[in-house]
Structures are given as structure tokens and as C-alpha cells.
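The values are calculated or read from the model by the stated rules, or taken from the named source; none is laboratory data. For clarity, every value in this text was computed on a predicted model and none was experimentally measured. As a convention, Cβ positions derive from the backbone with ideal geometry for all residues, glycine included, and neighbour counts pool all protein chains shown. The protein model used for the area step is the full one, side chains on, heavy atoms only, and it has no ligands, DNA or RNA in it. Shrake-Rupley method; radii C 1.70, N 1.55, O 1.52, S 1.80 Å.
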Amino acid sequence: MELLEFLREGQVYEVLLVTRSNVTPVGVVRKGERLFFKLFGGKSAGELKEHPYASLQVTNDVELIVKLALNVPVKLEFEGNGRYRWIKTLPGVYGRVKWREEPHEDELGKATVMKCSLEPAGVIAGVLPPMPLSRADFHLLEMAVDFTRLEVARRNGKIDVAKKLRERIVENYSSYRRFGGSSELAEAMMAALDEGG
């Protein structure tokens with residue numbers, strides 16, 4: 001079955017965006033037959049401007065998502081058909097990406113956002129391992145989201161925002177541990193918090 005059939009319209013799903021030579025997690029929202037996502041610069045954004053073809057793939061491995069978000073090296077196998085590239089064994093879709101850049105301002109400051117949409121042109125066959133949802137994983141994912149935002153807040157001198165993000169990371173870490181989480185990634189984020197103040 002095609003990925004779109006499993007995505008409820010309006011909900012944000014964390015998936016993997018695969019471009020010509022990069023993989024990064026993105027939050028995707030389905031509207032009709034298209035999948036919408038945003039990029040705030042980075043390697044994937046640059047690659048899509050030059051080669052607007054990509055894959056969106058699903059994984060239930062939260063540690064993989066977090067490693068990619070934090071730029072921790074991972075070992076992945078890829079396949080492709082020339083124009084498109086995708087991670088071997090993970091289900092998903094591929095298609096041409098339409099995009100436009102717009103100014104964006106939020107609590108972190110001013111930036112340029114690349115608003116993207118992909119209409120699937122093909123389906124990527126794959127099978128996910130029968131890994132049940134872990135409540136700890138939700139907290140690890142939220143830690144990583146806030147951790148990446150914390151770096152931007154610090155860089156932009158947003159002290160109050162950085163303080164709130166730091167507090168949320170600590171709260172999520174506490175819940176993560178309470179629900180049995182034991183990832184080295186969580187410990188590394190907490191150690192970096194202590195180093196950064």
C-alpha cells in the first residue's frame with residue numbers, strides 16, 4: 001500500500017528526507033495527494049535547489065532519526081533509479097519537490113524557510129521491523145528537536161528562549177529515564193547541556 005493511505009491529513013509525521021547525497025529528518029504533513037515539509041537551510045535544502053527530486057521514507061527507529069538530526073554518523077545502504085535515491089529496506093515514496101523560499105520569524109529570530117511539497121511519483125517497497133512504540137522514544141525525539149533549536153537560540157543570543165528549551169530538554173530527559181530509556185544519545189545531549197551552560 002502507498003504511504004499516503006496511512007497518513008492522516010493535518011498531522012505531523014517525522015520521516016526521513018533523502019536527497020542526492022544527504023538524509024535528514026523532516027516533519028511532513030499530508031494535504032490531499034501532496035506531502036508538505038519545511039527546511040531551514042542545510043545540505044538537503046541546497047541539494048533540492050540543484051536537483052529537486054527526493055524520497056520520503058518511514059522508520060520506527062527513533063534512535064536513527066535522532067542520530068540524523070544531531071549529525072551523528074550512521075551506516076545506511078542506498079538504492080536508486082538514477083534520478084532518485086532511497087534507503088534500502090525502508091518504505092516510502094519518491095517524487096519531484098516543488099519549493100519556494102519565504103522569510104520566517106519566530107522565537108529563535110529571523111530566517112529564510114524553504115517551503116517544500118512532494119507529490120509521490122513512485123512507491124519504495126520496504127518492511128519495518130515489528131518494533132512497538134516506546135513511550136521513552138517520544139521523549140528522546142522531543143529532546144533532539146529542542147536540542148537542535150537550543151543551538152540556534154544560543155547562536156542568535158536568545159537567552160530566554162534558550163533557557164526554556166534547556167528546561168524542556170531536562171524535563172524530557174527525566175521522563176525518558178522514567179520510561180526506561182537508556183540511549184547514549186540522551187546522555188550526550190545532557191552532557192552538552194552542561195558544557196553549554
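To keep it simple, each residue is scored yes or no on (1) among the hydroxyl-bearing types (Ser, Thr, Tyr); (2) buried (at least 17 other Cβ atoms within 10 Å of the Cβ); (3) touching a strand residue (DSSP E or B) at 6+ places or on another chain (Cβ under 7 Å).
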{"position": "Thr19", "(1), (2), (3)": "yes, yes, yes"}
{"position": "Asn22", "(1), (2), (3)": "no, yes, no"}
{"position": "Val28", "(1), (2), (3)": "no, yes, yes"}
{"position": "Glu33", "(1), (2), (3)": "no, no, no"}
{"position": "Lys43", "(1), (2), (3)": "no, no, no"}
{"position": "Tyr53", "(1), (2), (3)": "yes, yes, yes"}
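Out of all the residues in segment 99-113, which are modelled with pLDDT of 95 or more and either surrounded by fewer than 14 Cβ atoms within 10 Å (Cβ to Cβ) or within 18 Å of Val145 (Cα to Cα) (or both)?
Arg100
What number of residues in segment 76-93 are modelled with pLDDT of 95 or more, open to solvent by 40 Å² or more (accessible area, probe 1.4 Å), part of a loop (DSSP other than H, G, I, E, B) and not acidic (Asp, Glu)?
Residues meeting the conditions: 2.
Leu140 versus (1) surrounded by fewer than 15 Cβ atoms within 10 Å (Cβ to Cβ); (2) touching a Ser or Thr at 6+ places or on another chain (Cβ under 8 Å): which is the lone unmet condition?
Result: Leu140 passes all but (1).
Could you tell me which of the residues Arg178, Arg96 is out of contact with any helix residue (DSSP H, G or I) (no Cβ under 6 Å at 6 or more places or on another chain), in the same structural domain as Ala54 (by the TED database) and either surrounded by 13 or more Cβ atoms within 10 Å (Cβ to Cβ) or not aliphatic (A, V, I, L, M) (or both)?
Arg96
For every residue, the table says whether it meets (1) in contact with a Phe, Trp or Tyr (Cβ under 7 Å, 6 or more places away or on another chain); (2) among the acidic types (Asp, Glu); (3) not assigned by the TED database to the domain that holds Val152; (4) not in a strand (DSSP E or B).
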site: Val26; (1), (2), (3), (4): yes, no, yes, no
site: Val29; (1), (2), (3), (4): yes, no, yes, no
site: Leu48; (1), (2), (3), (4): yes, no, yes, yes
site: Leu68; (1), (2), (3), (4): no, no, yes, yes
site: Asn71; (1), (2), (3), (4): no, no, yes, yes
site: Glu102; (1), (2), (3), (4): no, yes, yes, no
site: Met114; (1), (2), (3), (4): yes, no, yes, no
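Can you confirm whether Lys38 is part of a strand (DSSP E or B), at pLDDT 95 or above and open to solvent by 50 Å² or more (accessible area, probe 1.4 Å)?
yes
Going through segment 55-66 one residue at a time, which ones are part of a loop (DSSP other than H, G, I, E, B) and either in contact with a helix residue (DSSP H, G or I) (Cβ under 8 Å, 6 or more places away or on another chain) or buried (at least 18 other Cβ atoms within 10 Å of the Cβ) (or both)?
Once the filter is applied, which keeps residues that are part of a loop (DSSP other than H, G, I, E, B) and either in contact with a helix residue (DSSP H, G or I) (Cβ under 8 Å, 6 or more places away or on another chain) or buried (at least 18 other Cβ atoms within 10 Å of the Cβ) (or both), segment 55-66 yields Val58, Thr59.
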